[in-house]
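Worksheet: the structure to be examined is printed underneath.
The values are calculated or read from the model by the stated rules, or taken from the named source; none is laboratory data. Here the structure is a predicted model, which is why all the values come from computation and not from measurement. Cβ placement follows ideal geometry from the backbone for every residue including glycine, while neighbour counts extend to all protein chains displayed. Ligands, DNA and RNA are excluded from the accessible area calculation, which covers all protein heavy atoms including side chains. Shrake-Rupley method; radii C 1.70, N 1.55, O 1.52, S 1.80 Å.
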Amino acid sequence: MEYFTLFMGAVIVNNFVLTRFLGLCIFFGVSKSLDASIGMGMAVASILTASSALAWAAYNFVLVPLELKFLTLPVFVILIAGFVQFLEIVIKRFAPALYNMWGIYLVLIATNCVVLGVPLINVESNFTFIKSVVNALGSGVGFALAIILMASLREKLQYADVPKSLQGLGIAFVIAGMLALSFLGFSGMIPM
Amino acid sequence: MAHDAHNEKDSSMLKIAMNLAITCFIAGAIIAGTYSFTEPVAVQQRVKIKNDAMKELVKDADSFEAIQGKSDWYKALKDGKVIAYVVPAESKGYGGAIKMLAAVTPDAKAIDYKVLSHAETPGLGDKMSEAKFRNQFAGKATDDMVVVKTPTDKNIQALTGATITSRAVTKGIKEAVEAVAEYTASVKE
Amino acid sequence: MNYWAIFKKGIFDQNPIFRLALSLCPALAVTSNVFNALGMGLAVMFVITANNVVVSIVRRWVNQKVRVPVFITIIATIVTLTQLMLEAFLPALYKELGIYLALIVVFAIILARAEVFAMKNGIVPSFFDGLGMGTGFALAMLLVGTIREVFGTGAFLGFPVLPASYNGPLILILAPGAFMVIGLLIGLFNVIGEYRSKLAAQRGEA
């Protein structure tokens, strides 16, 4: 039950994109098309979960015993970027079809704030291994949910008569604001 | 030919590895050096912030002393006499945990509190840190710490639009006062 | 090249937030009041300038193939130093910025300046490029922070500037307000940009 509330909290109540503003570059960059958003959402969710597990292990088995906590940030950055790079090579080699679908997103994910932010929050909150993974999975699903919702809204928007100066990014922000407003309705539902 | 290409690849791999290793080593050394210099200052700052917070809560006190066996409990002393206890208080609010520092008199009445961290709604719930709401707790015993929605002298009037936050703060302070009452009773025995 | 021109382009024509739409996360997350917005702006300005200088110094020794990991390591080091310094000397700001301070590491704008500019230029131009971009970023943060704090709470840096009877729309301090303010500001910058290029075109004809 505890894990379920943590998961739902990360998906809806503390949605990383809409209430904590992480991963916006991808959120606005990719949400122009629905297909790309679905692929991106799934890629982020899986990489986020894997890299959180990895970062948790590095923190608790290496950094804490060696009293090198102050190196957390550089170690996480390099670890995650390296992991994504490694994944890219492996997928390219063994699953070219998957690589054709996801490959381009991997590069974008390597240095993305969600993928770095969630592991950092996990160690800061002193989460256990399972909690870290659940929180990461929830955050990833929340990201996917937000980007897919946003993409469907933006696809509809193509037929709307938007003032010239707001076309593109301007109106996308205003719409994201309205999406965030509706997600605000969930706040307080699951106290962490 | 193939052999040469292989060799060249090897040396460039080595070069790349060296490049990365040197970068990481220098970076680690610089950070470690700075850390050894800033960490003592940061520790001092944390102690100072804590002392300032306690001083703010119990203005009459001339010194604070940690209580043995209770983590983060302090007694506020004036002329060698205990005039208040400063204890941590925590409660679940609207958006997450509310962490507070509560000052309590030895005869189990609230004095004041300070919110250390919270995730309440800006502009509504975060008004719990304002003096107008806080002052309602001064001198109250646990029996009177009941949240009501109408103006009151006896109880605690809830913040407009933030009833859950008001209840959470009240619950946290009440528990802190109860804990102090329990402690003072056990010390006297 | 003219240093002033290098410095100036980051402020309007290539403003990281409003024109390039890079590094948006902090522009929304820590701009609910002016103090945090400005603190974050200055921290980024420091990191981007320092990184540009360091990259332009070491660029000769960095292997082309690993330049991105090396840059990331340099950025992570500078950000960690900033974190340690703030924790020791400005603990209040450190606490307010929280995780967003650490996330400066993955700001696209910083890596982009290293790649596009500092890798190809000397120390002095790189310094001005970083300073210009950083100033543009800090000014944008200040602008968003001012709008949100003044109209959301009626205060500037915590001091009331609007009459006490002003009951600000809370939404401006909350998450949705952040998105909408930035969206409208991007629109405004587009209008101004268009107007300026029209002016330039007219001048060219005349």
Problem - Candidates B:115, B:43, B:82: whichever shows maximal mean-square fluctuation once chain B is modelled as a Gaussian network with Cα springs under 10 Å - result: B:43
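Please identify the DSSP H helices in chain A that span no less than 27 Å along the helix axis (Cα) and have a mean Kyte-Doolittle hydropathy of 0.0 or more.
Working: long enough: A:34-58 (35 Å, 1.35); A:72-94 (32 Å, 1.79); A:129-157 (42 Å, 1.27).
TM-like helix candidates: A:34-58, A:72-94, A:129-157.
Assuming a viscosity of 1.002 mPa s and a temperature of 20 °C, what translational diffusion coefficient in µm² per second does Stokes-Einstein assign to region B:1-141, Rh being the Kirkwood radius over Cα pairs?
After rounding, the answer is 110 µm²/s.
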Completion exercise
Mean separation of Cα contacts under 8 Å (at least 6 apart) over the residue count of chain C, i.e. the relative contact order in percent, is 35
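Would you mind giving the three semi-axes, in whole Å and largest first, of the ellipsoid equivalent to region B:67-163 according to its Cα gyration tensor? Before the final figure, lay out the partial values.
Details: eigenvalues 128, 60, 21 Å².
So the three semi-axes of region B:67-163 are 25, 17, 10 Å.
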Fill in the blank from the handout: Summing -39500 (n - 2.57) over every DSSP H run of at least 4 in chain B, dividing by its residue total and rounding to the nearest 500, the 222 nm mean residue ellipticity is -16500 deg cm²/dmol
Exercise for the section: Count, for each residue of B:31-43, the Cβ atoms from other chains sitting within 10 Å of its Cβ, then give me the mean as a whole number. Expected result: 5
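Counting each DSSP H run of 4 or more residues in chain A as -39500 (n - 2.57), what helix-only mean residue ellipticity at 222 nm follows after dividing by all residues, to the nearest 500 deg cm²/dmol? The partial results should precede the final answer.
Working: 8 runs with 134 residues, N = 192.
Mean residue ellipticity at 222 nm (helix-derived): -23500 deg cm²/dmol.
Taking the Cα centre as origin and putting +1 on Lys and Arg beta-carbons and -1 on Asp and Glu beta-carbons, what dipole magnitude results for region C:3-146, to the nearest 20 debye? The partial results should precede the final answer.
On the way: 10 positive and 5 negative charges, 98 e Å.
So the magnitude is around 480 debye.
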Handout entry: A/C buried area, accessible surface, summed, 1.4 Å probe, Å²
Key = 2900
Exercise for the section: Would you kindly derive the ³J(HN,Hα) couplings of region B:97-105 from the backbone phi angles with the Karplus curve 6.51 cos²θ - 1.76 cosθ + 1.60 (θ = phi - 60°), listing them in order in whole Hz, with x for Gly and Pro? Expected result: 5, 10, 9, 9, 10, 10, 9, 10, 6
Handout entry: CD proxy at 222 nm, helix term only [per DSSP H run n ≥ 4: -39500 (n - 2.57); per residue of chain C; nearest 500]
Key = -22000 deg cm²/dmol
Problem - Chain pair B, C: total accessible area buried, heavy atoms, 1.4 Å probe, Å² - result: 1900
Fill in the blank from the handout: Pseudo-spin-label distance residue B:148 to residue B:131, built 7 Å along Cα→Cβ, given in nm, is 2.5
Completion exercise
Taking Cα atoms, the helix B:2-57 axis meets the longest principal axis of chain B at an angle in degrees (rounded to 10) of 20
Exercise for the section: Can you pull the one-decimal nm distance between simple spin-label points at residue B:43 and residue B:71, each 7 Å off the Cα toward Cβ? Expected result: 1.8
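Could you do me a favour and compute the accessible area per residue for chain A, 1.4 Å probe, result in Å²?
Working: 8640 Å² over 192 residues.
Dividing the accessible area of chain A by its residue count gives 45 Å².
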Problem - region C:75-206 - Rg over Rh from alpha carbon coordinates, Kirkwood radius - result: 1.06
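Find the accessible area per residue for region C:1-97; the probe is 1.4 Å, ligands and nucleic acids are left out, and the unit is Å². Present the calculation step by step, with values, prior to reporting the outcome.
Values: 3930 Å² over 97 residues.
About 41 Å² of surface per residue is accessible.
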Practice task
Using a 1.4 Å probe and ignoring any ligands, DNA or RNA, find the accessible area of residue A:169 and quote it in Å² to the nearest 10.
Solution key: 50
Completion exercise
Expected integer from the mean partner chain Cβ neighbour count at 10 Å over C:79-89 is 6
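With a ≥ b ≥ c the root eigenvalues of the C-alpha gyration tensor of region B:138-182, is it rounded (a/c under 1.5), prolate (a/b larger than b/c) or oblate?
Oblate shape, in that a/c is at least 1.5 and b/c is the bigger or equal ratio.
Using per-residue counts of other Cβ atoms within 10 Å, averaged over each peptide, order A:122-130, C:129-137, A:53-61 from highest down. Intermediate values should be presented prior to the final figure.
On the way: A:122-130: 14.6, C:129-137: 26.1, A:53-61: 17.4.
Descending packing order for the listed peptides: C:129-137, A:53-61, A:122-130.
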Problem - Solvent-accessible surface (1.4 angstrom probe) belonging to residue B:134, in square angstrom, nearest 10 - result: 50
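Shape call for region C:3-146 from the C-alpha gyration tensor, a ≥ b ≥ c root eigenvalues: rounded (a/c under 1.5), prolate (a/b greater than b/c) or oblate? Don't skip to the answer; put the middle values down first.
Details: a/c = 1.98, a/b = 1.33, b/c = 1.50.
Since a/c reaches 1.5 but b/c is at least a/b, the shape of region C:3-146 is classed as oblate.
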Practice task
Pairs of Cα atoms under 8 Å, at least six residues apart: use those to get the relative contact order of region B:61-186, whole percent.
Solution key: 21
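Work out the mean other chain Cβ neighbour count within 10 Å for the residues of C:186-195 and drop it here as an integer.
Numbers: counts 9, 12, 3, 2, 8, 5, 1, 1, 2, 0.
Averaged over the peptide's residues, the number is 4.
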Fill in the blank from the handout: Unit-weight point scatterers at every alpha-carbon of chain A, Debye formula, q = 0.10 1/Å: log10 I(q)/I(0) is -0.44
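How much area per residue is accessible in region B:1-148 when the probe is 1.4 Å and only protein heavy atoms are counted (Å²)?
58
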Fill in the blank from the handout: Whole-Hz Karplus couplings 3J(HN,Hα) for region B:110-121, θ = phi - 60° and coefficients 6.51, -1.76, 1.60, Gly and Pro as x, run 6, 10, 6, 8, 10, 7, 8, 7, 6, 10, 7, 5
Exercise for the section: With a 1.4 Å probe and every protein chain kept in, tell me what percent of the accessible surface of chain B is carbon plus sulfur. Expected result: 56
Problem - Mean separation of Cα contacts under 8 Å, 6 or more apart, over the residue count of chain A: relative contact order % - result: 45
Completion exercise
Which residues qualify? For residue B:89, with a placed amide H closer than 5 Å and at least 5 residues away or on another chain, they are B:100, B:101, B:102
Practice task
Name the residues whose placed amide hydrogens come within less than 5 Å of the amide hydrogen of residue A:168, ignoring near sequence neighbours (fewer than 5 apart) on the same chain.
Solution key: none
Handout entry: Degrees between helix B:163-188 axis and first principal axis of chain B (Cα, 0 to 90, nearest 10)
Key = 80
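Return the equivalent ellipsoid semi-axes of region A:97-161 as a descending list in whole Å, where each equals the square root of 5 times an eigenvalue of the C-alpha gyration tensor. Walk me through the intermediate numbers first.
On the way: eigenvalues 165, 56, 23 Å².
So the three semi-axes of region A:97-161 are 29, 17, 11 Å.
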Exercise for the section: Leaving ligands, DNA and RNA out of it, rank C:115, A:67 by accessible area with a 1.4 Å probe, largest first. Expected result: A:67, C:115
Practice task
Run the 1.4 Å probe and let me know the accessible area of residue B:74, rounded to the nearest 10 Å².
Solution key: 50
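State the percent of C-alpha pairs, over all pairs in the protein assembly as shown, separated by a distance greater than 30 angstrom. Walk me through the numbers before you get to the answer.
Numbers: 100881 of 171991 pairs.
Taking all Cα-Cα pairs of the protein assembly as shown, the fraction more than 30 Å apart is 59 percent.
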